[in-house]
Amino acid sequence: MCGRYAASRKPEDLVELFGVARWDATEALAPDWNVAPTKPVYAVLERAVKEQGPEPVRQLRTLRWGLVPFSAASPDVGVRMINARAETLHEKPAYRRPFAARRCLLPADGYYEWFTPPVAPGTPKSRVRKQPYFITPRDGSVMAMAGLYEFWRDRTLPEEDPAAWWATCTVITTAAEPALERIHDRMPLILPPDAHRDWLDPSNTDPGHVRALLEPAAPGLLEARPVSSAVGNFRNNGPELTQAVEPEEEGTLF
């Protein structure tokens, strides 16, 4: 799974990197080295803009992490829907509609995962010391995580109230590549640049074609380094969270 990630790039850099044609400077986010569920995050997506006609426009938008299905009775379900398994997207009612035409890219510096060391049977969970790892591109490039987005209407508010509409997203996950599965058996599905156009194109609605895009980037492009347990507290934030540290003895992996 992916429950925390880092996203520190400036929006101007993301606009250039992803060929974005439209973004609102009032939605600019501060660099975040400890992105947690329900936080606002950047997403690259394509959809029509009323003032510009029916053709989709590539945009950088700010969404809330934790997808709320359009039919949900309450937005509270979003905190449990931060990840969506690539293998079953086309089957799950909550994801079927956004998978058809509301796909996005979620830019990241890298993501965090916690390694659970082998312990003796019966060991209390409180005594198991997990070692966090930061997993990031070896070359320092931006990681483009595949995602879905959706809109949810709060019907307790008037439709014209900006707060009546929630724009939310989820990170698509896949089986971890061999070098990383020792830490966790799942990882975000990272799309290579040559797949971005077709993935973002909302007119690309053929399920077979879209599913064929769910091929992760080539293995070996990522590195994992042990980092401070301070990342476990979402209130902690700063570039030091991504820096390598000596791992705890019980959580040593590499």
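Could you tell me which of the residues Tyr95, Tyr111 is buried (at least 20 other Cβ atoms within 10 Å of the Cβ), modelled with pLDDT of 95 or more and of a type in the set (Ser, Thr, Tyr)?
Details: Tyr95 fails: modelled with pLDDT of 95 or more.
Answer to the check: Tyr111.
Based on this model, can you work out whether Leu148 counts as in contact (Cβ under 8 Å) with a residue 12 or more places away in the chain and not basic (Lys, Arg)? Steps first, please.
Details: in contact (Cβ under 8 Å) with a residue 12 or more places away in the chain: yes; not basic (Lys, Arg): yes.
Against the criterion (in contact (Cβ under 8 Å) with a residue 12 or more places away in the chain and not basic (Lys, Arg)), Leu148 qualifies.
Exactly one of (1) at pLDDT 95 or above; (2) surrounded by fewer than 21 Cβ atoms within 10 Å (Cβ to Cβ); (3) not hydroxyl-bearing (Ser, Thr, Tyr) is unmet by Arg155. Its number?
(1)
Exactly one condition in (1) β-branched (Val, Ile, Thr); (2) more than 24 Å from Ala48 (Cβ to Cβ); (3) in a strand (DSSP E or B) is not met by Thr170; state its number.
(2)
Could you tell me whether any residue of the range 68-78 is among the acidic types (Asp, Glu) and within 20 Å of Leu213 (Cβ to Cβ)? Walk me through it before giving the result.
Quick first cut of the range 68-78, residues among the acidic types (Asp, Glu) only: 76.
Retained after the next criterion (residues that are within 20 Å of Leu213 (Cβ to Cβ)): none.
No.
Is one or more of the residues making up the range 69-82 among the aromatic types (Phe, Trp, Tyr) and modelled with pLDDT of 95 or more? Lay out the reasoning, then the answer.
We begin by selecting, within the range 69-82, every residue among the aromatic types (Phe, Trp, Tyr); these are 70.
Subset that is modelled with pLDDT of 95 or more: none.
No, that holds for no residue.
Restricted to the range 163-190, and to residues that are in contact with a helix residue (DSSP H, G or I) (Cβ under 8 Å, 6 or more places away or on another chain) and more than 21 Å from Arg211 (Cβ to Cβ), which residue is surrounded by the most Cβ atoms within 10 Å (Cβ to Cβ)? Talk me through it step by step, then tell me what you get.
Just the residues of the range 163-190 that are in contact with a helix residue (DSSP H, G or I) (Cβ under 8 Å, 6 or more places away or on another chain), to begin with: 166, 168, 170, 172-174, 189.
This time we only want the ones that are more than 21 Å from Arg211 (Cβ to Cβ), so: 166, 168.
Numbers: Trp166: 19, Thr168: 26.
Here the answer is Thr168.
Quick check on Ala230: is it modelled with pLDDT of 95 or more and farther than 23 Å from Leu60 by Cα?
yes
Take Pro192 and decide whether it is touching a residue at least 24 places away in the same chain (Cβ under 8 Å), in contact with a strand residue (DSSP E or B) (Cβ under 6 Å, 6 or more places away or on another chain), more than 20 Å from Arg61 (Cβ to Cβ) and not hydroxyl-bearing (Ser, Thr, Tyr).
no
Out of the residues in the range 173-206 that are over 13 Å from Leu106 (Cα atoms) and either assigned to a strand (DSSP E or B) or aromatic (Phe, Trp, Tyr) (or both), state the one that is nearest to the chain's Cα centre (by Cα).
Restricting to residues being over 13 Å from Leu106 (Cα atoms) and either assigned to a strand (DSSP E or B) or aromatic (Phe, Trp, Tyr) (or both), the top hit is Met187.
Within the range 206-237, count every residue that is in contact (Cβ under 8 Å) with a residue 40 or more places away in the chain, surrounded by 13 or more Cβ atoms within 10 Å (Cβ to Cβ) and small (Gly, Ala, Ser).
Counting residues in the range 206-237 that are in contact (Cβ under 8 Å) with a residue 40 or more places away in the chain, surrounded by 13 or more Cβ atoms within 10 Å (Cβ to Cβ) and small (Gly, Ala, Ser) gives 4.
Only one of (1) of a type outside the set (A, V, I, L, M); (2) assigned to a loop (DSSP other than H, G, I, E, B); (3) crowded, with 19+ Cβ neighbours inside 10 Å fails for Glu160. Which number is that?
Glu160 satisfies every listed condition except (3).
Give, as residue ranges, the strands (runs of 3 or more DSSP E) completely inside the range 18-120 that count at least 2 residues that are farther than 30 Å from Leu241 by Cβ and in contact (Cβ under 8 Å) with a residue 60 or more places away in the chain. Steps first, answer last, please.
Numbers: elements: 32-35, 40-49, 53-65, 83-85, 103-108, 110-115.
Result: 40-49, 53-65.
Yes or no, residue by residue, for (1) over 26 Å from Pro37 (Cα atoms); (2) not polar (S, T, N, Q):
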position: Arg138; (1), (2): no, yes
position: Phe151; (1), (2): no, yes
position: Val171; (1), (2): no, yes
position: Thr174; (1), (2): no, no
position: Pro178; (1), (2): yes, yes
position: Arg186; (1), (2): no, yes
position: Asp194; (1), (2): yes, yes
position: Pro207; (1), (2): yes, yes
position: Pro216; (1), (2): no, yes
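For residues in the range 158-172 being within 21 Å of the chain's Cα centre (by Cα) and not hydroxyl-bearing (Ser, Thr, Tyr), which is modelled with the lowest pLDDT? Break it down into steps so the answer makes sense when it comes.
Filtering the range 158-172 down to residues within 21 Å of the chain's Cα centre (by Cα) leaves 165-172.
Remaining after also requiring not hydroxyl-bearing (Ser, Thr, Tyr): 165-167, 169, 171-172.
Working: Trp165: 90, Trp166: 93, Ala167: 95, Cys169: 98, Val171: 98, Ile172: 98.
Across the range 158-172, the extreme among qualifying residues is Trp165.
Go through the range 43-81 and count every residue that is over 14 Å from Cys104 (Cβ atoms) and β-branched (Val, Ile, Thr).
Going through the range 43-81 one residue at a time, the tally reaches 4.
The values are calculated or read from the model by the stated rules, or taken from the named source; none is laboratory data. All values reported here derive from a predicted model rather than from experimental measurement. Because the Cβ atoms are built from the backbone with ideal geometry, glycine has one as well, and the counts that use them run over all protein chains shown.
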